[in-house]
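Asker: Sending over a structure as structure tokens; questions will come in a sec.
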Ligand code: PXL
């Protein structure tokens, strides 16, 4: 009898524009993990570049789905949240953590708030406060530097030197989560991510060559691969390496495509590499 690992991921469906659930579902499934989903909202596209997108909130469905799953006795090895649609929705997700979080699973919060020093469209200070609260309940959070700045209430500064990055990670852990992971860290020609395990005081670094190509949705790819890797029992270092390597693969395979940043990466074309990494 084989018991598959099970992740539940809670984030929006952007119907076009590769991010959130349309990235998390194929990636975590490709890693050989059953992937249950709770869609938080349906948008015609993501909000990071397209004009005139539609937005349909599904907050009430989250509570109903949660109640039904509770009655079925469903259990998950990991709970992973991404983009959430409103401050009140963050509270509903927090209640979901209370219902389904336990000593045998872990919680990943990707605190999707913004990029390049600015909040995404539709987010405000109240939303940041709620997201900060949600991070307290997480085992792992994975902000980029913009998100880390908003979570910590500090001015935006590039994550470009080791002392600064270590200090930010330590402060992020003081929000209450055990392992913060800072993405989009750039030291000279190298780009990658740094994690801090506040239980052991250990830092973990993973870098590849910086490539000058911005692509929307890479944060979601990173969080999905990281969540899948830890679910499979990989160490923090292995999970970081796998995520950083796969992002590099995605950027490389997308380079010849002429589409604008907000069309995202051609991650589908290198899923075979990701599957290979899970077997290493
Ligand atoms: O990639 C993060 C993300 C997810 N979902 C929606 C977004 C964004 C970032 O812009 O707009 C709807």
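Asker: Kindly provide log₁₀ I(q)/I(0) values, in the same order as q = 0.15, 0.17, 0.19, 0.20 Å⁻¹, from the Debye equation applied to equal alpha-carbon scatterers of region 128-280.
Answerer: -0.78, -0.99, -1.21, -1.31
Asker: Based on the Cα coordinates of the chain, what is the per residue volume of their convex hull in Å³? The partial results should precede the final answer.
Answerer: Details: hull volume 34.5 nm³, N = 280.
That works out to 123 Å³ per residue.
Asker: Within 10 Å of each residue's Cβ, count the other Cβ atoms and sort 50, 123 from fewest upward.
Answerer: Details: 50 17, 123 21.
With the sparsest Cβ surroundings first, the list reads 50, 123.
Asker: Distance from the Cα centre of region 24-48 to that of region 62-103, in angstrom?
Answerer: Answer, in whole Å: 15.
Asker: Tell me, how many Å apart are the Cα centres for region 234-275 and for region 129-159?
Answerer: One Cα centre to the other: 23 Å.
Asker: While we're looking at this one, here's another question. Please identify which residues in region 48-79 have an amide N closer than 20 Å to a label point set 7 Å out from the Cα of residue 16, following the Cα→Cβ vector.
Answerer: 48-57
Asker: Please give the calculated 222 nm ellipticity per residue for the chain, where each DSSP H segment of at least 4 residues contributes -39500 (n - 2.57) and the sum is spread over every residue; nearest 500 deg cm²/dmol? Spell out each step's value before the answer.
Answerer: On the way: 9 runs with 111 residues, N = 280.
It comes out at -12500 deg cm²/dmol, rounded to the nearest 500.
Asker: Follow-up. How large is the Kirkwood hydrodynamic radius of region 77-177, counting all unique pairs of alpha carbons, in Å?
Answerer: Values: mean 1/r = 0.0721 Å⁻¹.
Its Kirkwood hydrodynamic radius stands at 13.9 Å.
Asker: Something else about it: For region 1-65, report the % of Cα-Cα distances exceeding 15 Å.
Answerer: On the way: 1154 of 2080 pairs.
Here the tail beyond 15 Å accounts for 55 percent of pairs.
Since every read-out is calculated from the coordinates, none of them should be taken as a lab result. Quick caveat: nothing in here was measured; it's all calculated off a predicted structure. Quick reminder, even Gly has a Cβ in these numbers, built from the backbone with ideal geometry, and neighbours come from all protein chains shown.
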